[in-house]
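Here is the structure we will look at, set down as structure tokens.
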Amino acid sequence: MIIVLKKDATEEEKDNVICKIKSLGLSVHVSEGEERTIIGAIGDEAKLAQTSFESLGGVESAMPITKPYKLVSREFKHDSSVIDVDGIKIGGKKIQVIAGPCSVETEELLLDCAEKVKASGAEFLRGGAFKPRTSPYSFQGLGEEGLKYMSEAKKKTGLPVVSEIMDPRDIDVICEHVDIIQIGARNMQNFRLLTEVGKTGKTVLLKRGLSGTIAELLMSAEYIASQGNSNIIFCERGIRTFETATRNTLDLTAVPVLKEETHLPVFIDPSHATGKWHMVAPLSKAAVAVGADGLLIEVHSDPANALCDGGQSLKPTTFDTLMKDLRKVAEAVGRTL
Ligand code: PEP
Ligand code: MN
């Protein structure tokens with residue numbers, strides 16, 4: 001249920017509404033807009049059936065949220081959310097690019113990559129320290145050591161860093177070193193993990209599962225938001241279909257669908273979607289054209305010798321050319337980059 005307060009509602013009237021919601025066993029989420037305060041009563045809406053919020057003082061209107069996802073829905077918050085990470089705005093006019101290697105390999109390689117992607121205009125550095133590999137014999141990432149290299153790269157370049165969490169036991173060490181926590185495709189429905197990242201105030205990049213529907217993706221975000229953390233970025237990274245020409249099938253329609261359903265920013269990851277470096281540029285342009293708020297692109301200084309995902313990683317020079325081309329596409333759709 002969304003309860004919109006009148007412009008001149010008093011603090012007492014607001015508290016009264018909040019007390020009423022709590023007394024019914026639902027949780028309260030207050031969103032202070034420029035003009036009005038909106039209060040969300042989240043939980044089992046059947047418990048609200050007997051209550052007429054509109055008859056309470058200070059209340060302008062009360063309406064049910066019809067979608068199963070509440071806090072992340074556009075019904076709950078009409079205006080698009082802009083998430084601030086270290087002063088960088090995600091979800092605004094400027095398209096943000098997160099770039100870097102699939103995994104952190106050495107401190108030198110990471111720094112080299114960080115400096116190059118920064119020079120090309122990326123605002124965030126990515127790098128996996130805990131890697132979800134299909135084979136237990138593949139490189140699993142450097143773990144905490146890798147996260148420390150990410151912190152160092154941030155100190156040297158100023159780029160905020162993005163890295164994946166796979167296990168709730170790593171939450172403290174991840175929070176210490178990372179600015180945006182990535183939930184990978186394989187963990188989209190790891191509900192314990194979602195709940196734990198929801199308890200942090202950190203921005204979360206939530207990837208769509210290999211066979212996750214958009215509705216399921218939204219429900220996963222709701223797990224995070226229900227813990228009080230609505231700093232969530234959606235990331236479409238391709239889904240599993242019958243097609244084998246590419247690693248996954250990039251569902252570009254996810255962008256307009258998510259934009260309609262949620263107020264949160266939406267990114268595209270063309271690297272994991274295609275698995276092939278030469279397809280990254282055309283799909284990045286398409287992503288910007290369909291309204292994505294940002295891109296997650298794998299860049300490696302030496303893709304041929306990368307320990308993970310070299311085949312889909314761009315060389316820094318190719319990335320630089322892409323960024324220049326993307327600026328033109330961004331401009332054509334009323335955005336900047
Ligand atoms: C990654 O970003 O490194 C990754 C493993 O992505 P995904 O979870 O989308 O496969
Ligand atoms: Mn990768």
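The values are calculated or read from the model by the stated rules, or taken from the named source; none is laboratory data. Bear in mind that the values here come from a model prediction, so they are computed numbers and not experimental data. Here the Cβ is made from the backbone with ideal geometry for all residues, glycine too, and neighbour counts use every protein chain on show. To get the accessible areas, we keep the full protein, side chains included, count just its heavy atoms, and leave off ligands, DNA and RNA. Shrake-Rupley method; radii C 1.70, N 1.55, O 1.52, S 1.80 Å.
Here are 52, 31: which of them is farther than 30 Å from residue 152 by Cα, touching a residue at least 40 places away in the same chain (Cβ under 8 Å) and out of contact with any Phe, Trp or Tyr (no Cβ under 6 Å at 6 or more places or on another chain)?
Exactly one residue qualifies, and that residue is 31.
Return the residues of the range 31-48 that are open to solvent by 30 Å² or more (accessible area, probe 1.4 Å) and either modelled with pLDDT of 90 or more or in a helix (DSSP H, G or I) (or both); say none if nothing qualifies.
38, 45, 46, 47
For residues that are surrounded by fewer than 18 Cβ atoms within 10 Å (Cβ to Cβ) and among the basic types (Lys, Arg), scanning just the range 298-337, find the one that is nearest to residue 161 (Cα to Cα).
Checking each candidate, the answer is 315.
Go through (1) away from ligand 1 (no atom under 16 Å from the Cβ); (2) assigned to a strand (DSSP E or B) one by one and return the number of the condition residue 321 breaks.
(2)
Out of the range 214-245, which residues are buried (at least 24 other Cβ atoms within 10 Å of the Cβ) and either on the phi > 0 side of the Ramachandran plot or modelled with pLDDT under 95 (or both)?
Of everything in the range 214-245, just one residue is buried (at least 24 other Cβ atoms within 10 Å of the Cβ) and either on the phi > 0 side of the Ramachandran plot or modelled with pLDDT under 95 (or both), namely 238.
What number goes with the only condition from (1) crowded, with 20+ Cβ neighbours inside 10 Å; (2) more than 19 Å from the chain's Cα centre (by Cα) that residue 249 does not pass?
Just one mismatch for residue 249, condition (1).
Determine which single condition residue 295 fails, assuming it passes every other condition in (1) outside any helix (DSSP H, G or I); (2) more than 15 Å from ligand 1 (Cβ to nearest atom); (3) within 21 Å of residue 184 (Cβ to Cβ).
That leaves (2) as the condition not met.
For residues that are open to solvent by less than 60 Å² (accessible area, probe 1.4 Å) and closer than 17 Å to residue 226 by Cβ, tally how many sit in the range 49-73.
Residues in the range 49-73 being open to solvent by less than 60 Å² (accessible area, probe 1.4 Å) and closer than 17 Å to residue 226 by Cβ: 6 in total.
Out of 197, 178, 204, which single residue is of a type in the set (Val, Ile, Thr) and either in contact with a His (Cβ under 8 Å, 6 or more places away or on another chain) or over 27 Å from residue 42 (Cα atoms) (or both)?
Criteria check complete, one pass: 178.
Do we find a residue being at pLDDT 95 or above, touching a helix residue (DSSP H, G or I) at 6+ places or on another chain (Cβ under 8 Å), away from ligand 1 (no atom under 16 Å from the Cβ) and polar (S, T, N, Q) anywhere in the range 302-316? Reasoning before the result, please.
We begin by selecting, within the range 302-316, every residue at pLDDT 95 or above; these are 302-316.
From what is left, the residues that are touching a helix residue (DSSP H, G or I) at 6+ places or on another chain (Cβ under 8 Å) are 302-304, 309-316.
Then keep just the ones that are away from ligand 1 (no atom under 16 Å from the Cβ); that gives 302, 304, 315-316.
With polar (S, T, N, Q) added as a condition, the list becomes none.
No.
Mind listing whichever residues of the range 189-230 are within 16 Å of ligand 2 (Cβ to nearest atom) and either among the β-branched types (Val, Ile, Thr) or not in a strand (DSSP E or B) (or both)?
Residues satisfying the conditions are 208, 209, 210.
Let me spell it out: the conditions are (1) within 23 Å of residue 119 (Cα to Cα); (2) over 22 Å from the mean Cα position of the chain (by Cα), and residue 269 meets all of them except one. Which number is the exception?
Residue 269 satisfies all of (1) within 23 Å of residue 119 (Cα to Cα); (2) over 22 Å from the mean Cα position of the chain (by Cα) except (2).
Which number in (1) in a helix (DSSP H, G or I); (2) over 22 Å from the mean Cα position of the chain (by Cα) marks the one condition that residue 169 misses?
The number of the failed condition is (2).
Farther than 23 Å from residue 181 by Cβ and away from ligand 1 (no atom under 12 Å from the Cβ): is that true of residue 262 in this structure? Steps first, answer last, please.
On the way: farther than 23 Å from residue 181 by Cβ: no; away from ligand 1 (no atom under 12 Å from the Cβ): yes.
Here the answer is no, as residue 262 does not meet what is asked.
Does residue 30 qualify as being closer than 30 Å to residue 130 by Cα and under 22 Å from the mean Cα position of the chain (by Cα)? Show your work before the answer.
Numbers: closer than 30 Å to residue 130 by Cα: no; under 22 Å from the mean Cα position of the chain (by Cα): yes.
No, not satisfied.
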